[in-house]
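Novice: This is the structure I want to talk about, given as structure tokens.
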Amino acid sequence: MDWTVKNPLPEEGRTISFVGKGGGAKSTTLAHLLKYWKAMGIPAIAHDADDSDQEEPGSLLAWTEMLPVHSDGLGSPVYRAPSAPSLKTEVDRLRPPHGLSLIDTKAWDRGKQNSHLAAIRSSDLLVMALYPSGMEKARGASILGAMDEVETMSGHRPRLVCLLTRFNPTAAAADDVRKELEAEGIDVLATEIPASESKTGYAQSFGTAPKLKAESDMHRLAKELLTEVTR
Ligand SMILES: Nc1ncnc2c1ncn2[C@@H]1O[C@H](COP(=O)(O)OP(=O)(O)O)[C@@H](O)[C@H]1O
Ligand SMILES: [Mg+2]
């Protein structure tokens with residue numbers, strides 16, 4: 001199958017950060033997306049800004065280090081992100097022409113937020129990954145607050161979209177959360193990533209090479225994000 005698409009990205013490329021609480025499937029989703037963008041012919045580089053304090057095992061870097069050395073890994077390189085003050089410069093410098101820089105961030109918490117502020121400042125698009133838990137409003141509010149802070153300091157405000165992940169497709173939860181977020185003025189991506197706990201599902205995929213499947217939820221997400229980041 002021919003996966004390639006017409007590359008819609010401008011010469012200078014675009015940067016997307018994944019933000020949100022731990023367990024929102026940021027790293028898992030990014031690992032799969034890298035593989036799809038590679039197949040689609042979109043140049044990419046990922047920056048792992050999750051300098052884990054053990055709270056979040058399974059960083060993107062740890063994932064690539066588990067893949068066989070003779071494989072092409074996740075398809076695109078994964079670098080350890082520099083400290084907050086250098087993040088934007090490095091992400092801009094390393095982004096391939098007509099390509100994507102992706103930033104995987106650590107869990108959102110109320111403490112020191114320098115790494116999140118730096119990711120927001122470096123990005124054209126923020127993807128807030130969350131699974132239905134009843135805390136959606138609070139989460140959205142704290143990210144919007146950080147975006148206000150970045151805008152005040154730098155004049156830059158990326159676009160924010162929400163990605164519903166790890167939800168149980170048999171419960172109506174995703175629909176309720178979608179409505180709640182949209183009522184708050186937060187755009188929710190059309191593509192949703194359901195919980196998949198099977199042996200070959202996302203939950204078991206850490207450290208393995210993601211398998212491509214045409215028109216799967218991840219494939220649709222890879223395409224939707226390309227559209228979102230260029231509109
Ligand atoms: N779609 C999914 N369905 C079920 N489990 C998932 C899914 N995506 C990720 N997971 C699991 O959820 C946990 C958190 O995922 P992870 O990608 O590490 O989140 P984050 O990077 O946001 O902390 C991991 O155990 C992972 O295997
Ligand atoms: Mg992670």
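Novice: Relative to 2.2 N^0.38 Å, what does the C-alpha radius of gyration of the chain come to as a ratio? Two decimals please. Before the final figure, lay out each step's value.
Specialist: Numbers: Rg = 16.5 Å, N = 231, 2.2 N^0.38 = 17.4 Å.
The chain yields a ratio of 0.95.
Novice: Given a 1.4 angstrom probe, I'd like the percentage of the accessible area of the chain that is carbon and sulfur, rounded to a whole number. Kindly include the intermediate steps, with their values, before the conclusion.
Specialist: Numbers: 5650 of 11030 Å².
Result for the chain: 51 percent of the exposed heavy-atom area is carbon or sulfur.
Novice: Take the Cα gyration tensor of region 169-231, multiply each eigenvalue by 5, square-root it, and list the three semi-axes largest first, rounded to whole angstrom.
Specialist: Values: eigenvalues 117, 63, 16 Å².
Semi-axes (√(5λ), whole Å): 24, 18, 9.
Novice: Return a whole-number percent for the relative contact order of region 14-230, with Cα pairs under 8 Å and 6 or more residues apart as the contact set.
Specialist: Details: 383 pairs, mean separation 59.6, N = 217.
Relative CO of region 14-230 lands at 27 percent.
Novice: Among 40, 198, 162, pick out the residue whose Cα is farthest towards the positive end of the charge dipole of region 14-230, where Lys and Arg carry +1 and Asp and Glu carry -1 on C-beta, about the Cα centre.
Specialist: Most positive-ward Cα: 40.
Novice: Sticking with this structure for a sec: Extending each Cα 7 Å along its Cβ direction at residue 227 and residue 71, get the distance between those two points in nm, one decimal.
Specialist: 3.0 nm
Novice: Suppose every K and R has +1 on its Cβ and every D and E has -1 on its Cβ; what is the size of the dipole of the chain about the Cα centre, in Debye to the nearest 20? Don't skip to the answer; put the middle values down first.
Specialist: Working: 27 positive and 32 negative charges, 65 e Å.
It comes to approximately 300 debye.
Novice: A further question on this structure: What ranking do 187-193, 220-226, 201-207 get when scored by the average of other Cβ atoms within 10 Å per residue, highest first? Please list the in-between numbers first.
Specialist: Values: 187-193: 17.1, 220-226: 20.4, 201-207: 14.6.
Result, highest mean first: 220-226, 187-193, 201-207.
Novice: Which value in deg cm²/dmol, rounded to the nearest 500, describes the helix-derived mean residue ellipticity at 222 nm for the chain, given -39,500 (n - 2.57) per DSSP H run of n ≥ 4 and division by the residue count? Could the numbers behind the result be given before it?
Specialist: Working: 7 runs with 83 residues, N = 231.
Mean residue ellipticity, 222 nm, calculated: -11000 deg cm²/dmol.
Novice: Going by average Cβ neighbours within 10 Å, how do the peptides 211-219, 20-28 rank, with the highest at the top?
Specialist: On the way: 211-219: 14.4, 20-28: 22.2.
Order by mean packing, descending: 20-28, 211-219.
The values are calculated or read from the model by the stated rules, or taken from the named source; none is laboratory data. Please read these numbers as outputs of a predicted model, since none were measured by experiment. Please note: Cβ atoms are built from the backbone with ideal geometry, for glycine as well, and neighbour counts cover all protein chains shown. The protein model used for the area step is the full one, side chains on, heavy atoms only, and it has no ligands, DNA or RNA in it. Shrake-Rupley method; radii C 1.70, N 1.55, O 1.52, S 1.80 Å.
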